[in-house]
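Trainee: One structure coming up, written as structure tokens, with questions to follow.
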Amino acid sequence: MRDDEIISSRLERDAGHFLLISRKTIFSMGNLFTMVTVRADYEQGALVILDQTQLPNQEVYLALKTAEEIWEAIYSLKVRGAPAIGVAAAYGISVCMQKVVVAGFEEFYRKFVKIKAYLASSRPTAVNLFMALDRMEVRLLRHQKEDVKAWKQALREEAEAIRAEDAGACRRIGEWGLSLLKPGMGLLTHCNAGHLAVSEYGTALAPIYLGQERGYGFSVFADETRPLLQGARLTAFELQKAGVDVTLICDNMASSVMKQGRVQAVLVGCDRVAANGDTANKIGTSGVAVLAKYYGIPFYVLGPISTIDLGCPAGEQIQIEERAHEEVTEKWYTRRMAPERVNVYNPAFDVTSADLITAIITEKGIAYPPFEETLREWKMKDILT
């Protein structure tokens, strides 16, 4: 199918939500990057997101107008990926505060703090969420001696700056990551750290997209990523849409393709990186790292500086979110696949020890073990600028 073969599509508005009724998919890099996962629509007074729980079957855009709707969308993974969550929170609190009518800064700030704390409670492991909300607060306080119009404008500008910085960071992460790869490599990735998880390109998938643009001819294995299948529903979807050679595998097949010599590097994203390099990412990541270590395959963690948390000394201090039992026992199935009342343990993330990580790649460069000094240097420079 040609890239310019645009097929008719129609948007219907229903109770403030945008639903894509029909659209034939066009497989091309350009088509993938026209999908905007998160944006603010100030005319409508809404945070507009691509509902990722509906992928790959349909592209549904939701217009979220209240803090409660935004919280639910973040918690339920309608918007997901650490950078995208940060951007959504920044846009979301900005949208909410545009509607506030007050006389003085004290009341305006009190309402801001209430919404900030509420949104921050939606995903406790994603450090980008807290970083973005903290930045919004700092920017607001900088303008407290001005009027309400200036307060609202400052929030809009800061939210847009967070989105733009994320997009630029992802491109640079991709360039650094690509420098470690060779044409024709077989790659494996876990969960989704691509275009859908950020503003543009992705983190772990950014080198793959840059390689695709430059004819590297990578072959990618995408773990399905149980229980919510982000690898099957999202990574396979977006890589296929970009024309990348992608093969979907069950999580427990990673060892098999590694043993067969079909994987030369593993690329994963991150939700939080502790000061010592321990990294929290989607559940199952640490198991992939153990396998990569055993088979002598480089294991690369890719993410923006914003995911580094110097206030967290090591992985043991990272709070791991636990989610509903139903995600394991019945979600995605036509009927329940486990006995009633069976005990279920469903952590959303695990922590990969720093000693299993070959390198951590950010927009600043490539860090090799031991990670502490480099991560601290990068983070402090970022704070100062």
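Trainee: Filter the stretch 210-237 down to the residues that are farther than 23 Å from residue 258 by Cβ and touching a residue at least 60 places away in the same chain (Cβ under 8 Å) and list them by number.
Mentor: Listed by number, the residues that qualify are 213, 228, 233, 237.
Trainee: Return the residues of the stretch 141-170 that are free of Cβ contacts under 8 Å to residues at least 40 places away in the same chain, assigned to a helix (DSSP H, G or I) and not acidic (Asp, Glu); say none if nothing qualifies.
Mentor: Within the stretch 141-170, 141, 142, 149, 150, 153, 154, 161, 164, 167 qualify.
Trainee: Something else: Between a residue in the stretch 336-347 that is touching a residue at least 40 places away in the same chain (Cβ under 8 Å) and any residue that is surrounded by 10 or more Cβ atoms within 10 Å (Cβ to Cβ) and of a type in the set (Val, Ile, Thr), which pairs come within a Cβ distance under 9 Å, given they are 6 or more apart or on different chains?
Mentor: These pairs meet every condition: 346/283; 346/328; 347/283; 347/320.
Trainee: For the stretch 84-97, enumerate the residues that are touching a Leu at 6+ places or on another chain (Cβ under 8 Å) and either assigned to a loop (DSSP other than H, G, I, E, B) or over 21 Å from residue 52 (Cβ atoms) (or both).
Mentor: 94, 97
Trainee: So residue 138 passes all but one of these: (1) surrounded by 14 or more Cβ atoms within 10 Å (Cβ to Cβ); (2) farther than 22 Å from residue 271 by Cβ; (3) among the hydrophobic types (A, V, I, L, M, F, W, C). Which condition number does it fail?
Mentor: (1)
Trainee: Could you count how many residues in the stretch 298-322 are surrounded by fewer than 17 Cβ atoms within 10 Å (Cβ to Cβ) and not acidic (Asp, Glu)?
Mentor: 8
Trainee: Ok, one more. Residues 263, 246, 220, 257: which one is in contact with a Gly (Cβ under 9 Å, 6 or more places away or on another chain) and closer than 25 Å to residue 34 by Cβ?
Mentor: Among 263, 246, 220, 257, only 220 is in contact with a Gly (Cβ under 9 Å, 6 or more places away or on another chain) and closer than 25 Å to residue 34 by Cβ.
Trainee: Just checking, does the stretch 364-375 include any residue being under 14 Å from residue 314 (Cα atoms) and of a type in the set (Phe, Trp, Tyr)?
Mentor: yes
Trainee: Can you name every residue in the stretch 313-326 that is free of Cβ contacts under 8 Å to residues at least 60 places away in the same chain and either of a type outside the set (S, T, N, Q) or in a loop (DSSP other than H, G, I, E, B) (or both)?
Mentor: The answer is 313, 314, 315, 316, 322, 323, 324, 325, 326.
Trainee: Checking the conditions here, which among 368, 345 is farther than 28 Å from residue 76 by Cβ, hydroxyl-bearing (Ser, Thr, Tyr), modelled with pLDDT of 95 or more and surrounded by fewer than 16 Cβ atoms within 10 Å (Cβ to Cβ)?
Mentor: Of the residues listed, the single one that is farther than 28 Å from residue 76 by Cβ, hydroxyl-bearing (Ser, Thr, Tyr), modelled with pLDDT of 95 or more and surrounded by fewer than 16 Cβ atoms within 10 Å (Cβ to Cβ) is 368.
Trainee: I want to confirm something. Restricting to the stretch 235-274 and keeping residues that are under 20 Å from residue 346 (Cα atoms) and among the hydrophobic types (A, V, I, L, M, F, W, C), which single residue is surrounded by the most Cβ atoms within 10 Å (Cβ to Cβ)?
Mentor: Restricting to residues being under 20 Å from residue 346 (Cα atoms) and among the hydrophobic types (A, V, I, L, M, F, W, C), the top hit is 270.
Trainee: How many of the residues making up the stretch 288-339 are under 19 Å from the mean Cα position of the chain (by Cα) and of a type in the set (D, E, K, R)?
Mentor: 4
Trainee: I'm checking my understanding of the structure. Among residues of the stretch 108-119 that are in contact (Cβ under 8 Å) with a residue 24 or more places away in the chain and over 14 Å from residue 140 (Cα atoms), which one is surrounded by the most Cβ atoms within 10 Å (Cβ to Cβ)?
Mentor: 119
Trainee: Let me ask something additional. Pairs under 7 Å by beta carbon, first residue more than 17 Å from residue 312 (Cβ to Cβ) in the stretch 266-294, partner of a type in the set (D, E, K, R) and in a helix (DSSP H, G or I), six or more apart or different chains?
Mentor: Close Cβ pairs (under 7 Å, with a partner that is of a type in the set (D, E, K, R) and in a helix (DSSP H, G or I)) amount to 284/251.
Trainee: Working carefully through the options 286, 199, 255, 219, find the one that is of a type in the set (Ser, Thr, Tyr) and at pLDDT below 95.
Mentor: Selected residue: 199, the only one of 286, 199, 255, 219 that is of a type in the set (Ser, Thr, Tyr) and at pLDDT below 95.
Trainee: Also, quick follow-up: Among the residues of the stretch 279-316, how many are over 19 Å from residue 82 (Cβ atoms) and hydroxyl-bearing (Ser, Thr, Tyr)?
Mentor: 2
Trainee: Is the stretch 20-31 home to any residue that is at pLDDT below 95, of a type in the set (Lys, Arg), assigned by TED's automatic domain parsing to the domain that holds residue 85 and surrounded by 14 or more Cβ atoms within 10 Å (Cβ to Cβ)?
Mentor: Within the stretch 20-31, one or more residues are at pLDDT below 95, of a type in the set (Lys, Arg), assigned by TED's automatic domain parsing to the domain that holds residue 85 and surrounded by 14 or more Cβ atoms within 10 Å (Cβ to Cβ).
The values are calculated or read from the model by the stated rules, or taken from the named source; none is laboratory data. The structure displayed is predicted, hence computed values, not measured ones. Quick reminder, even Gly has a Cβ in these numbers, built from the backbone with ideal geometry, and neighbours come from all protein chains shown.
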